[in-house]
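Notes to accompany the following structure.
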Amino acid sequence: MSAAAFDHPWLSGLFADPQIAALWSGQAQLTHMLTFEAAWSRAGHLAGLWSEQDGEAAAVAIAAAQIAPEDLAEGTARDGVCVPALVKMLKAVAGDKAVHIGATSQDVIDTAMVLSLVGTLDVLAARLTELQGVLQALENRFGDLPLMGRTRMQAAVPITVRDRVQTWRLPVSDHLARLDQLRPRIAKVQIGGAAGNRAALGDHGAAVSAAVAAELGLAPTDRSWHAMRDGVAECASALSLITGSLGKMGQDVALMAQQGLAEIAMSGGGGSSAMAHKQNPVLAELLVTLARFNAVQVSGMHQALVHEQERSGAAWSLEWMILPQMAQATGRALSAAIGLGNSVERMGDPSAE
């Protein structure tokens with residue numbers, strides 16, 4: 001049995017998001033690390049670490065290296081990070097001259113994480129845009145129909161379906177804008193070297209950073225952000241805000257679907273093993289669950305802001321446990337919200353029909 005619902009043999013049927021999971025898989029992370037190491041080898045001559053010819057030869061060998069993710073497990077258990085073992089393997093195929101010198105494990109791992117985050121933001125933005133269209137379609141179909149407004153879960157005054165659906169749809173635009181604003185603070189290379197000050201690069205740190213960043217499609221930085229994790233924590237906060245908004249939608253739909261209210265009808269599953277008459281609002285409930293999951297996890301990412309001195313092993317590795325699950329929870333929530341919106345067959349007060 002798996003310890004996580006996202007890759008559990010059957011719970012994954014409800015919780016998993018294969019597209020996001022692939023972005024954070026061991027193979028994807030290893031590919032990103034190799035991409036960084038190859039780019040580092042190509043750029044090292046700018047700081048006089050080796051010749052351009054030696055760097056290019058090493059980069060070609062690194063790109064062709066045959067390493068499996070599981071090959072790094074033993075080294076990670078020993079060293080706390082996978083990079084020392086990875087570098088040893090790379091030197092075996094590319095030689096010692098132009099591999100990793102001047103970089104550090106955190107440069108490799110953080111840049112790989114950023115590449116996964118950037119891919120995740122692309123997927124989330126596309127799904128937010130799709131969800132926006134689905135919710136607008138619900139407004140177009142049912143928006144003028146009457147619905148009882150409810151405050152503190154009690155009947156208040158009449159509203160329309162549009163009034164309810166807009167509380168689901170309007171935050172989507174804000175989330176899209178939020179991701180656009182967040183991207184420049186996330187999509188940047190990590191280069192700091194042993195203690196974060198790029199000492200091994202001399203006066204050429206900016207040139208190396210720019211060259212590596214350009215090859216990876218990221219932005220260069222003036223210095224490392226080894227112990228400045230606000231961008232990563234901000235990204236986690238954005239993930240939780242997205243799932244929180246979707247959780248509000250799910251909670252509304254679950255309440256609207258209650259027998260006796262029947263303010264919404266949906267196609268699809270949700271059967272009960274004991275009560276054949278039931279159609280449980282599974283996707284709506286899932287949105288609430290994923291919102292609460294991310295709300296809990298984001299506190300851990302804020303704990304991971306506290307790095308001691310120039311690098312923390314404890315705070316840093318906490319991110320590895322939390323952020324990939326938050327990304328997958330957010331992706332799954334968006335796909336569930338899209339599916340839920342597309343399943344709606346009727347909305348509004350049934351007594352008005």
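The values are calculated or read from the model by the stated rules, or taken from the named source; none is laboratory data. As the structure is a prediction and not an experimental result, all values here were calculated from the model. Positions of Cβ are backbone-derived with ideal geometry, glycine not excepted, and every protein chain shown enters the neighbour counts.
Quick look at the values:
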quantity	calculated
Condition check for residue 223: assigned to a loop (DSSP other than H, G, I, E, B), out of contact with any Pro (no Cβ under 6 Å at 6 or more places or on another chain), buried (at least 16 other Cβ atoms within 10 Å of the Cβ) and of a type in the set (Lys, Arg)	no
Options 99, 81; residue that is in contact (Cβ under 8 Å) with a residue 24 or more places away in the chain, among the β-branched types (Val, Ile, Thr), over 17 Å from residue 28 (Cα atoms) and surrounded by 14 or more Cβ atoms within 10 Å (Cβ to Cβ)	99
Output for the stretch 36-60, where each listed residue is surrounded by fewer than 19 Cβ atoms within 10 Å (Cβ to Cβ) and assigned to a helix (DSSP H, G or I)	52, 53, 54, 56, 57, 60
Evaluation of residue 235 against (1) more than 16 Å from residue 47 (Cα to Cα); (2) surrounded by fewer than 20 Cβ atoms within 10 Å (Cβ to Cβ) (one fails), failing number	(2)
Residue check for residue 253: at pLDDT 95 or above, out of contact with any Leu (no Cβ under 7 Å at 6 or more places or on another chain), among the aliphatic types (A, V, I, L, M) and surrounded by 16 or more Cβ atoms within 10 Å (Cβ to Cβ)	no
Residue that is over 18 Å from residue 118 (Cβ atoms), over 22 Å from the mean Cα position of the chain (by Cα) and either among the β-branched types (Val, Ile, Thr) or assigned to a helix (DSSP H, G or I) (or both), where the choices are 172, 208	208
Residue check for residue 128: in a helix (DSSP H, G or I) and in contact with a Gly (Cβ under 8 Å, 6 or more places away or on another chain)	no
Counted residues, the stretch 74-111 - those being in contact with a helix residue (DSSP H, G or I) (Cβ under 9 Å, 6 or more places away or on another chain) and either within 17 Å of residue 196 (Cα to Cα) or outside any helix (DSSP H, G or I) (or both)	20
Any pair with Cβ under 9 angstrom, 6 or more apart, that starts in the stretch 330-348 at a residue that is on the phi > 0 side of the Ramachandran plot and ends at one that is part of a helix (DSSP H, G or I)	348/142; 348/161
Residue 105, sole failed condition from (1) surrounded by fewer than 18 Cβ atoms within 10 Å (Cβ to Cβ); (2) without any contact (Cβ under 8 Å) to a residue 60 or more places away in the chain; (3) not acidic (Asp, Glu)	(1)
Residue match in the stretch 232-252 (condition: touching a residue at least 60 places away in the same chain (Cβ under 8 Å), under 24 Å from residue 324 (Cα atoms), under 17 Å from the mean Cα position of the chain (by Cα) and not in a helix (DSSP H, G or I))	no
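Table: residues versus (1) buried (at least 18 other Cβ atoms within 10 Å of the Cβ); (2) within 24 Å of residue 289 (Cβ to Cβ); (3) charged (D, E, K, R).
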{"position": "199", "(1), (2), (3)": "no, no, no"}
{"position": "205", "(1), (2), (3)": "yes, no, no"}
{"position": "219", "(1), (2), (3)": "no, no, no"}
{"position": "241", "(1), (2), (3)": "yes, yes, no"}
